[in-house]
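The values are calculated or read from the model by the stated rules, or taken from the named source; none is laboratory data. Everything numeric in this text was worked out from a predicted model, so none of it was measured. Here Cβ is always computed from backbone atoms with ideal geometry, including for glycine, and neighbour counts include all displayed protein chains. Accessible surface is based on the protein model in full, side chains and every heavy atom, while ligands, DNA and RNA are left aside. Shrake-Rupley method; radii C 1.70, N 1.55, O 1.52, S 1.80 Å.
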Amino acid sequence: MPERIVSADSHVTLRDPDVLEHLAPRHHQDYARARASFSAEMAARLKKKPGEAPGMPSAAKPWEAAERKGEFHAKERLEDMDIDGVEAEVLYTDVMCGAAFRSLEPEARRACFRAYNDAALAFAAHDLSRLLPVFIAPIFDVAEAVEEVERLARAGARAMMLPLYPLDLGAPHYSDRCYDPLWSLLSEARIPVSQHVSANDGLLQVLGYDPTPAKGIFQSLPPIFMAEVLAGWIVPGTLERFPDLRIVLVEAGLGWIPYFLERLDTMKKRHGWDHYGMLPEMPSFYWRRNMMATFEEDTYGVGQRHRLGVENLMWATDYPHPDSTWPHSQQVLETHFRDVPLDEARLMIGGNAARLYGL
């Protein structure tokens, strides 16, 4: 019997013309200026030329999914999914979550966020049963974010992505009560929050001194830095206050999580957290109830699935990025889950994502 396979983390690139189709002409210059300014800012931080990614192999096509038209075109994307035997994909667009627009005046900022999300909707409209876009929200103004989530929820949105490190962008930490209206709305709408792996200012310092030609030290660390994000949602009590809020850690793997949860539980018992009234439950309780994680190839993490909760884990292809298993996902899954009971494997390769996103 063919298995139902859902990639919980794939990517699509929305090109500028695709976004500008949905943006009023009076804001086209605002959009171009914001994008150019942010590109220059990131290039300066990365000490790279604009458009040059750090640590990528120099070959024109270093991996099989690279430069596939499916990165941009929905029809070709669906064909590539068929080649790989993948029924549906959760599609991430801008992992910086619209940070380029934060410097714009409110009217232009709101318009650019809407246009970007509308471009994602247009891409997915080719087959809404198979293409699930993850939208971005303007957290630089919580009222704007609430307005945009409400608009997208009416359009059928099933996932929102927020910047991984809001402090680096001049926004408050997600434990700040200013976000409570947003958390309430997302909880009521049953729209999970995605936290996609990225680099913070500390990691960019590592990039600066990494002596390896592929920047291998830098490339290896972002998943481990996600421990800060996991703790940031649990320890301040945000998930205690919003029991129906769902958080997805994206592309950071699994293997580090069991140790870190055990460490958090030990700290609650031995570091005086109860004295300060921190968390009525163990931190691992909130992980199990409120959080999930995606992975590509992580045999150690899958081996720890019962510590993590089988229903908290979602497999992904990461198409078309370097970690992508395309076009060999069928073989990868057969090998990766060979020693896993079929009912558990079915949850991780599609069932959990289908449940979370209402497929």
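Summary table
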| quantity | calculated |
| --- | --- |
| Criterion: modelled with pLDDT of 95 or more, open to solvent by 40 Å² or more (accessible area, probe 1.4 Å) and of a type in the set (K, R) - qualifying residue of K49, K69 | K69 |
| Restricting the stretch 1-35 to residues that are at pLDDT below 95 and not acidic (D, E), the residue that is nearest to F295 (Cα to Cα) | R4 |
| Meets criteria (of a type in the set (F, W, Y) and either at pLDDT below 95 or more than 18 Å from the chain's Cα centre (by Cα) (or both)) for Y209 | yes |
| Selected residue (criterion: farthest from D9 (Cα to Cα)) from residues of the stretch 274-309 that are hydrophobic (A, V, I, L, M, F, W, C), part of a loop (DSSP other than H, G, I, E, B) and in contact (Cβ under 8 Å) with a residue 24 or more places away in the chain | M278 |
| Residue among Y300, Y276 that alone is modelled with pLDDT under 95 and either open to solvent by 80 Å² or more (accessible area, probe 1.4 Å) or among the β-branched types (V, I, T) (or both) | Y276 |
| Counted residues, the stretch 303-343 - those being of a type in the set (A, V, I, L, M, F, W, C), open to solvent by 20 Å² or more (accessible area, probe 1.4 Å) and under 22 Å from G70 (Cα atoms) | 2 |
| Any hit, the stretch 88-109, residues being in contact (Cβ under 8 Å) with a residue 40 or more places away in the chain, aromatic (F, W, Y) and not in a helix (DSSP H, G or I) | yes |
| Qualifying positions in the stretch 279-297 - within 29 Å of R77 (Cβ to Cβ) and open to solvent by 70 Å² or more (accessible area, probe 1.4 Å) | E297 |
| Residue identified as buried (at least 18 other Cβ atoms within 10 Å of the Cβ), without any contact (Cβ under 8 Å) to a residue 40 or more places away in the chain and either over 18 Å from the mean Cα position of the chain (by Cα) or part of a helix (DSSP H, G or I) (or both) among L264, L239 | L264 |
| Residue count for the stretch 103-114, restricted to those that are more than 14 Å from Q29 (Cα to Cα) and either at pLDDT below 95 or open to solvent by less than 20 Å² (accessible area, probe 1.4 Å) (or both) | 1 |
| Condition check for G255: at pLDDT 95 or above and over 14 Å from the mean Cα position of the chain (by Cα) | yes |
| Within the stretch 17-37, tally of residues that are surrounded by 13 or more Cβ atoms within 10 Å (Cβ to Cβ) and in a helix (DSSP H, G or I) | 11 |
| Residue list for the stretch 191-236, restricted to those being in a loop (DSSP other than H, G, I, E, B), within 30 Å of C178 (Cα to Cα) and open to solvent by less than 10 Å² (accessible area, probe 1.4 Å) | I191, P192 |
| Leading residue by the ranking (most open to solvent (accessible area, probe 1.4 Å)) among those in the stretch 115-124 that are closer than 12 Å to T93 by Cα and among the hydrophobic types (A, V, I, L, M, F, W, C) | L121 |
| Residue in the stretch 158-178 that is touching a helix residue (DSSP H, G or I) at 6+ places or on another chain (Cβ under 7 Å), of a type in the set (D, E) and either buried (at least 23 other Cβ atoms within 10 Å of the Cβ) or in a helix (DSSP H, G or I) (or both) present | yes |
| The stretch 310-347, residues that are under 25 Å from W63 (Cα atoms), part of a helix (DSSP H, G or I) and either touching a residue at least 24 places away in the same chain (Cβ under 8 Å) or aromatic (F, W, Y) (or both) | S329, Q330, V332, L333, H336 |
